[in-house]
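Comments concern the structure below.
Just so it is clear, none of the values below were taken in a lab; they were calculated from the coordinates. On a predicted model such as this, the values are computed, not experimentally measured, just so you know. Cβ: placed from backbone, ideal geometry, glycine included. Neighbour counts: every protein chain shown.
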């Protein structure tokens, strides 16, 4: 017991000494040319990011109300400008999928533009080429969408909140566009629009 008490006392003395040195260093005035305020434009450069989440598929339409699972990986910017306005014009490349449990599923690859409103809040816009496994024939069940062709584009808008340096929560509205395709009756087709939330992890 005496040895344990002596070890605890020695540990407390070492911690106290380290804390005192830290306070001493932090109390020293900064050089005149250094500011203690870090402006919002000096954000840490984004690295690779993985996101996964769930939501509702095509609310109010065919296949509406079904569970939808989404996942994607986003690359860092190829160029890392220090200004947040300039950074918004440099895209990050994405690769992902949107899986309707009982309906249309698609995969996509494209670009995402991120604008940091503040240190913790950001907005995004995405555009990608996409492939789907939806219904494309002349006869389509009443509860399924007729996409007419298996290729198209994926557009998305998002609002995100950084929970920490690593984690973020992103609310996303995405749409699969099959513009240019015609269904069996010669009319334009319409792809699904999904809404949901994804949890992101930066690594």
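Annotations
- Exposure proxy ranking for 165, 120, based on other Cβ atoms within 10 angstrom of each Cβ and starting from the fewest, stands as 165, 120.
- The simple spin-label model puts a point 7 Å past each Cα toward its Cβ; for residue 50 and residue 179 those points are separated by 3.4 nm.
- Between residue 129 and residue 80, the distance separating the two model label sites (each 7 Å from Cα on the Cα→Cβ line) works out to 3.0 nm.
- Equivalent ellipsoid, segment 49-202 (semi-axes from 5 times Cα gyration tensor eigenvalues, Å): 31, 16, 11
- Extension gain for residue 149 to residue 89 (0.36 nm times residue separation, less C-alpha to C-alpha distance): 18.4 nm.
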